[in-house]
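Notes follow once the structure below has been shown.
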Amino acid sequence: MSFSGIGLETTILFAREGARVLMADISPKALERGIVKVREHVSQSAQLHTITCDVTKEDEIAKMVEHMDQWGGVDVMFNNAGIMHADDADGTFAIAVHPTFSQTSTRSSVQTGS
């Protein structure tokens, strides 16, 4: 896993515009590398947070959403989770098709009125 590409660039763009950004990844090491990369491109005052989250597990998504709810809700949510492993078709399917992330995060936004 690595925090790179579209996810990294989107994080940088939002942080540059003053957004409070929560970076989530299944890998703590990827988050550590990602935060270093983002800090190279944004002001040190940028509000960046990290959380380890497996988006195939509803309880982990709920914890991530609870973290964001403490901010007073969410204005923009960008789900860029994705994997592709030839030896893990179930895992690939779970990320690409399973609606857990969308259902859980949307449910929270509706409940908080965001």
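The values are calculated or read from the model by the stated rules, or taken from the named source; none is laboratory data. Remember, predicted model here, so these are calculated numbers, not experimental data. Cβ coordinates were reconstructed from backbone atoms using ideal geometry, including for glycine residues, and neighbour counts include every protein chain displayed.
Quick notes on this structure:
- In the set (1) at pLDDT below 85; (2) surrounded by 13 or more Cβ atoms within 10 Å (Cβ to Cβ), the condition left unmet by Ile26 is number (1).
- Counting the residues of segment 12-23 that are of a type outside the set (D, E, K, R), touching a His at 6+ places or on another chain (Cβ under 9 Å) and under 18 Å from Met64 (Cα atoms) gives 3.
- Answer residue from segment 39-82, given it is hydrophobic (A, V, I, L, M, F, W, C) and more than 14 Å from the chain's Cα centre (by Cα) and is modelled with the lowest pLDDT among those: Trp71
- Taken together, Gly7, Gly18, Gly34 contain a single residue that is surrounded by 15 or more Cβ atoms within 10 Å (Cβ to Cβ), modelled with pLDDT under 95 and either out of contact with any Phe, Trp or Tyr (no Cβ under 6 Å at 6 or more places or on another chain) or in the same structural domain as Gly73 (by TED's automatic domain parsing) (or both), which is Gly7.
- Cross-chain or 6+ apart pairs with Cβ under 6 Å, segment 39-53 first and under 16 Å from Glu17 (Cβ atoms), then of a type in the set (Gly, Ala, Ser): Val42/Ala15; Ala46/Ala15
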